[in-house]
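Engineer: Quick one: the structure is below, and I'll ask about it shortly.
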Amino acid sequence: MKALRMFNRSLRDSIKSVVRNLSLSTAAITCSSITLIILAVAMILSYNVKNITSNLEKELTIVTYIKESGTEEQITQLKEKLNEMPNIEKYEYKSKEEWKLEIKNFSDTYSSALDYLENNPLLNSITVTVKDVKDLKITSEEIKKFDFIESVDYGEGMAEKLISAFDIIEKITIVIVGALVVVTAFLIGNTIKLTIFSRKNEIEIMRLVGATNIRVRLPFIFEGIILGIIGSIIPMIVSIYGYVMIYDHFHGYIFSQIITLVKPFNFILYIAGILVVLGAVIGMIGSSRAVRKYLKI
Amino acid sequence: MRLIEVKNCYKVYQNGVTAIADLNVTIDKGEFVFIIGASGSGKSTLIKMLYREEKPTNGSVIVGGINVAKLRNSKVYKLRRKLGIVFQDFKLLPKLTVYENVAFALESIGLNGREIRNKVLKALESVGLKEKIRSFPNQLSGGEQQRACIARAIVNDPKLLICDEPTGNLDPDISKEIVNILKKINEEAGTTIIMATHDREIVNEMQKRVLQIENGVLVRDEQKGSYKVHESTPNV
Ligand SMILES: Nc1ncnc2c1ncn2[C@@H]1O[C@H](COP(=O)(O)OP(=O)(O)OP(=O)(O)O)[C@@H](O)[C@H]1O
Ligand SMILES: [Mg+2]
């Protein structure tokens with residue numbers, strides 16, 4: 001009961017204070033809005049990039065063709081080697097007869113051409129899926145070392161480059177967002193600092209009459225949280241409407257089926273939820289810092 | 001019954017000034033005590049130690065069973081709820097009415113609305129300020145402001161009322177009025193009152209216990225004392 005009353009009064013005090021220091025509050029709210037919008041864009045981008053990357057990764061395989069002269073033992077030897085290699089997720093053996101069947105099903109023209117030949121001109125193969133696409137090249141070089149390998153075929157760099165570019169973009173975004181979070185927390189902290197100063201007399205009297213430390217501090221903590229939450233409203237609206245619009249505009253994918261966007265629902269609602277929570281947390285960090293620094297009790 | 005016990009108490013400020021030196025005194029419940037002494041003698045310092053605005057450098061200060069020297073910051077509120085404090089400069093909040101100023105104290109310690117209303121009205125009545133509850137501090141005379149301040153100090157029925165020069169800013173007539181209110185509180189509620197003052201007329205008229213401090217040392221502790229200037233110090 002008493003705790004609830006303290007909660008209510010602290011909340012009331014902090015709302016009053018936000019309204020009373022309107023220009024200052026507005027500055028802090030604007031700053032946290034900007035930060036959270038950038039954060040939202042970064043989160044939406046990076047989640048989509050992750051999605052695209054993992055789609056790409058699924059497509060990326062090393063196809064190893066075994067020489068016509070390759071024996072059963074040699075194929076077993078290669079399989080054993082693949083079992084030992086750390087970066088191998090799985091592999092699949094496909095004999096030349098299976099290839100032939102597959103091609104026949106795929107096209108009549110090829111099929112008749114193949115029928116025309118006496119010997120099967122195709123090669124036995126092993127298709128390897130790797131764990132980490134970044135090491136695709138190293139792994140394929142390793143496989144190539146066997147002299148019974150005719151050729152090794154993989155994405156030849158294009159996909160890898162794309163993925164590592166995404167990697168760098170992600171790291172840069174993290175740094176920028178981190179910096180913005182710090183700036184926002186600082187600005188909210190500064191707002192709280194000024195409210196603390198403007199309410200010095202009130203604080204002094206509260207302490208003299210025997211208010212607990214929590215009772216003195218809580219309104220300021222709440223004020224920071226309120227500023228952060230108000231700051232997250234516009235970013236939430238912008239990211240929900242913005243993303244749905246973009247998704248509809250591209251009909252869900254860009255360039256090709258591999259580069260698809262994440263479906264807006266419930267994805268964008270999670271993002272919105274994260275924004276409110278982050279706003280509140282940033283506000284709390286900022287105000288706690290200010291309270292600790294300027295409200296020594 | 002003993003309310004305050006100060007034992008071998010020293011207070012040395014950061015800048016090296018010794019404001020209180022080896023002070024020993026005990027005060028019982030229900031007493032009315034004046035603290036007198038020249039300016040800078042250490043009256044306010046002694047008073048500040050009673051409500052833990054300052055900590056003794058050495059020795060002990062025990063108020064209502066709480067050892068102030070050992071009291072942690074987070075527990076200071078427990079001491080403060082047992083006492084009321086009145087200052088020379090009132091410290092009323094200018095944007096709140098008289099009623100709100102007094103209620104503010106109770107809100108700060110978490111009482112509910114009904115309790116607050118009853119107590120505030122009772123306190124304002126006992127200082128004779130009931131007709132002014134909707135006035136703001138700047139609409140009141142000095143004496144009325146000090147009465148509001150006293151109401152705020154006694155609103156939670158403290159055992160101890162500490163006053164640091166409560167009449168320092170007031171005319172002699174108004175000062176008497178204020179001291180009479182304190183006397184009434186002392187007599188009717190049994191509240192222990194400690195009052196630092198320079199007002200010789202009041203001290204002489206009241207005939208209460210007098211503690212005289214000079215240069216941080218307690219030089220006189222007299223029941224039914226009067227305002228005398230200590231031989232070793234120049235006149236105040
Ligand atoms: N916060 C402080 N830091 C350093 N020295 C202080 C501090 N407060 C008081 N003093 C010094 O301690 C001594 C006692 O001061 P105190 O305020 O207790 O005197 P007082 O008796 O209340 O004087 P007055 O009658 O003028 O109010 C003085 O020499 C003063 O300068
Ligand atoms: Mg003083």
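The values are calculated or read from the model by the stated rules, or taken from the named source; none is laboratory data. Computed from a prediction, not measured in an experiment: that's the story for all the values here. When we count neighbours, we look across all protein chains shown, and the Cβ atoms used for this are built from the backbone with ideal geometry, even at glycine.
Engineer: Could you say whether any residue in the range A:101-119 is within 18 Å of A:GLN77 (Cβ to Cβ) and either at pLDDT below 80 or of a type outside the set (S, T, N, Q) (or both)? Lay out the reasoning, then the answer.
Structural biologist: Step one: filter the range A:101-119 for residues within 18 Å of A:GLN77 (Cβ to Cβ), giving none.
No: the range A:101-119 contains no residue that is within 18 Å of A:GLN77 (Cβ to Cβ) and either at pLDDT below 80 or of a type outside the set (S, T, N, Q) (or both).
Engineer: For the range A:17-34, how many residues are modelled with pLDDT under 85 and of a type outside the set (A, V, I, L, M)?
Structural biologist: Final tally of qualifying residues: 5.
Engineer: Look at the range B:19-44 and say how many of its residues are surrounded by 15 or more Cβ atoms within 10 Å (Cβ to Cβ) and more than 16 Å from ligand 2 (Cβ to nearest atom). Break it down into steps so the answer makes sense when it comes.
Structural biologist: Initially, the range B:19-44 is screened for residues surrounded by 15 or more Cβ atoms within 10 Å (Cβ to Cβ), giving B:19-21, B:23, B:25, B:27, B:30-38, B:41-44.
Subsequent filtering for residues that are more than 16 Å from ligand 2 (Cβ to nearest atom) retains B:21, B:25, B:27, B:30-32.
Of the residues in the range B:19-44, 6 are surrounded by 15 or more Cβ atoms within 10 Å (Cβ to Cβ) and more than 16 Å from ligand 2 (Cβ to nearest atom).
Engineer: Next question. Does the range B:73-95 hold any residues that are of a type in the set (A, V, I, L, M) and either facing another protein chain (nearest Cβ under 7 Å) or assigned to a loop (DSSP other than H, G, I, E, B) (or both), and which are they?
Structural biologist: In the first step, residues of the range B:73-95 are kept if they are of a type in the set (A, V, I, L, M); the result is B:76, B:79, B:83, B:85-86, B:92-93.
Passing the criteria: B:ILE85, B:LEU92, B:LEU93.
Engineer: Quick one: would you say B:THR57 is crowded, with 18+ Cβ neighbours inside 10 Å and of a type in the set (S, T, N, Q)?
Structural biologist: Details: crowded, with 18+ Cβ neighbours inside 10 Å: no; of a type in the set (S, T, N, Q): yes.
Here the answer is no, as B:THR57 does not meet what is asked.
Engineer: Which one of A:ILE225, A:ILE233 is more than 14 Å from chain B (Cβ to nearest Cβ), assigned to a helix (DSSP H, G or I), buried (at least 20 other Cβ atoms within 10 Å of the Cβ) and not aromatic (Phe, Trp, Tyr)? Give the steps one after another, and end with the answer.
Structural biologist: Values: A:ILE233 fails: buried (at least 20 other Cβ atoms within 10 Å of the Cβ).
Just one listed residue meets the conditions, A:ILE225.
Engineer: Restricting to the range B:37-67, give me the number of residues that are assigned to a helix (DSSP H, G or I) and either within 8 Å of ligand 1 (Cβ to nearest atom) or within 14 Å of chain A (Cβ to nearest Cβ) (or both). Break it down into steps so the answer makes sense when it comes.
Structural biologist: So in the range B:37-67, the residues assigned to a helix (DSSP H, G or I) come out as B:43-50.
Applying the additional criterion that residues be either within 8 Å of ligand 1 (Cβ to nearest atom) or within 14 Å of chain A (Cβ to nearest Cβ) (or both) yields B:43-48, B:50.
Count: 7.
Engineer: Name the helices (runs of 4 or more DSSP H) wholly within the range B:133-236 that hold at least 1 residues that are within 16 Å of ligand 1 (Cβ to nearest atom) and surrounded by 16 or more Cβ atoms within 10 Å (Cβ to Cβ)?
Structural biologist: Details: elements: B:142-154, B:172-189, B:200-206.
Filter on the range B:133-236 gives B:172-189, B:200-206.
Engineer: Here is a follow-up. Within the set of pairs 6 or more residues apart or between chains, which connect a residue that is within 18 Å of B:ALA19 (Cβ to Cβ) and charged (D, E, K, R) inside the range B:212-233 to a residue that is part of a loop (DSSP other than H, G, I, E, B) and modelled with pLDDT of 90 or more with Cβ atoms less than 8 Å apart?
Structural biologist: What qualifies is B:GLU214/B:GLY37; B:GLU214/B:ALA38; B:GLU214/B:SER41.
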